[in-house]
Amino acid sequence: MQNITLTNRVQLDFSHLFSEHRQDISAVILTPEKHLWLGSDETSTIEKLDWMEEKIFANHQHFHVSNYLELPAPETAEIDIEGLASTDEYLWFVGSHSYKRKKPKTDKSGIKNLERLATIVTEPNRYLLGRIPLVNGTLHKSHPHPHHPDIQLNAAKLQITPQGNTLIDTLQTDPHLGAFIQAKIPGKDNGFDIEGIAVDQNRIFLGLRGPVLRGWAMILEVEVTSNNPGILELCPIGIEGRPYKKHFFNLQGLGIRDLLRDGDDLLILAGPTMDLDGPVTVYRQ
């Protein structure tokens with residue numbers, strides 16, 4: 001086995017409020033003010049750490065998403081935040097939008113574990129795609145734009161529906177994705193699973209961990225507007241007036257695990273879509 005030496009390690013100091021979830025971090029972004037924003041796949045909160053000194057982030061703050069947006073389920077149910085982005089005085093976040101299969105457990109019998117493997121569930125909070133005003137290093141439900149006081153910034157989310165949200169509703173009939181969504185295939189089984197978000201004004205790019213189709217990964221592009229308080233609406237931008245576009249990438253069988261805007265480029269973190277070890281690669285598009 002090859003020995004690996006870590007040369008650039010940073011310390012993250014969390015308070016006791018997050019101690020049990022510090023190993024469940026699933027999304028992270030560093031803003032220009034040197035604030036580190038983090039999301040967990042086991043909570044419905046967003047965390048913030050400040051750059052304190054060389055290689056140390058501390059001064060942990062704990063933000064409940066329910067203080068800014070109405071959740072479709074109690075906040076004890078996870079959002080499964082898989083992507084964060086910051087632009088135009090907003091912090092954007094996205095849940096996985098995925099189904100999940102229960103894991104076998106060592107303290108269960110073989111029969112019970114087979115029952116667990118046959119159990120597929122999802123949670124309404126996973127279907128959140130939203131933005132929260134981010135001004136002066138903190139989150140607000142509503143706040144005047146710091147550079148344009150006549151513009152009011154407001155927290156908003158994509159409209160929730162019985163099937164998830166308006167994006168999931170329209171993807172039900174998509175020729176590439178519809179079958180995976182209708183069949184309720186779990187994300188870890190190459191089902192529909194969002195991991196990663198990048199935002200350019202009102203254009204949003206969503207990286208899909210799955211499905212990967214014959215080695216080809218996919219990014220969804222949507223554009224939103226907000227005509228009603230607290231609600232984001234999809235705009236028709238695709239073929240036949242569909243409210244999304246699809247971008248395909250031959251990543252040699254890897255799924256998309258995160259996205260980041262870098263000027264006019266998009267950085268794609270690619271990794272295995274299934275629950276296994278494999279290569280992790282960064283692409284620039």
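The values are calculated or read from the model by the stated rules, or taken from the named source; none is laboratory data. From a predicted model like this one, the values you see are computed outputs, not experimental measurements. Every residue, glycine as well, gets a Cβ built from its backbone with ideal geometry; the counts of neighbours run over all protein chains shown.
Details
- Only residues that are touching a residue at least 12 places away in the same chain (Cβ under 8 Å) and part of a loop (DSSP other than H, G, I, E, B) were counted in the stretch 148-173, giving 2.
- Filter result for Ile268 (closer than 23 Å to Thr173 by Cβ, at pLDDT 90 or above and not in a loop (DSSP other than H, G, I, E, B)): no
- For the stretch 239-260, filtering for residues that are surrounded by fewer than 16 Cβ atoms within 10 Å (Cβ to Cβ) and more than 21 Å from Thr173 (Cα to Cα) leaves 2.
- Taken over the stretch 211-257, the residue count meeting the criterion of being in a loop (DSSP other than H, G, I, E, B) and not aromatic (Phe, Trp, Tyr) is 14.
The rows are residues; the columns are (1) within 28 Å of Asn154 (Cα to Cα); (2) in contact with a helix residue (DSSP H, G or I) (Cβ under 7 Å, 6 or more places away or on another chain).
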| site | (1), (2) |
| --- | --- |
| Gly230 | yes, no |
| Leu234 | yes, yes |
| Leu254 | no, no |
| Ala270 | no, no |
| Gln285 | no, no |
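- Test: Ile181 is in contact with a Gly (Cβ under 9 Å, 6 or more places away or on another chain) and free of Cβ contacts under 8 Å to residues at least 24 places away in the same chain: yes
- Apart from one condition, Thr43 fits all of (1) closer than 14 Å to Leu17 by Cβ; (2) outside any loop (DSSP other than H, G, I, E, B); the exception is (2).
- Residues considered: Gly215, Gly207, Gly187, Gly196. Of these, the only one that is loosely packed, with under 14 Cβ neighbours inside 10 Å and under 20 Å from Ile268 (Cβ atoms) is Gly215.
- First in the stretch 82-96 and closer than 9 Å to Gly196 by Cα, second anywhere and assigned to a strand (DSSP E or B) and hydroxyl-bearing (Ser, Thr, Tyr), Cβ under 7 Å, 6 or more apart: Glu82/Ser26
- Filter result (under 14 Å from Leu129 (Cα atoms) and either under 19 Å from the mean Cα position of the chain (by Cα) or not hydroxyl-bearing (Ser, Thr, Tyr) (or both)) within the stretch 209-247: Leu220, Glu221, Val222, Glu223, Val224, Gly230, Ile231, Leu232, Glu233, Leu234
- Boolean, Gly241 is within 30 Å of Pro32 (Cα to Cα), without any contact (Cβ under 8 Å) to a residue 12 or more places away in the chain and not polar (S, T, N, Q): no
- Some residue of the stretch 131-139 being at positive phi, out of contact with any strand residue (DSSP E or B) (no Cβ under 8 Å at 6 or more places or on another chain) and assigned to a loop (DSSP other than H, G, I, E, B): yes
- Lys100 satisfies every condition listed in (1) in contact with a strand residue (DSSP E or B) (Cβ under 7 Å, 6 or more places away or on another chain); (2) assigned to a loop (DSSP other than H, G, I, E, B); (3) at pLDDT below 95 except (2).
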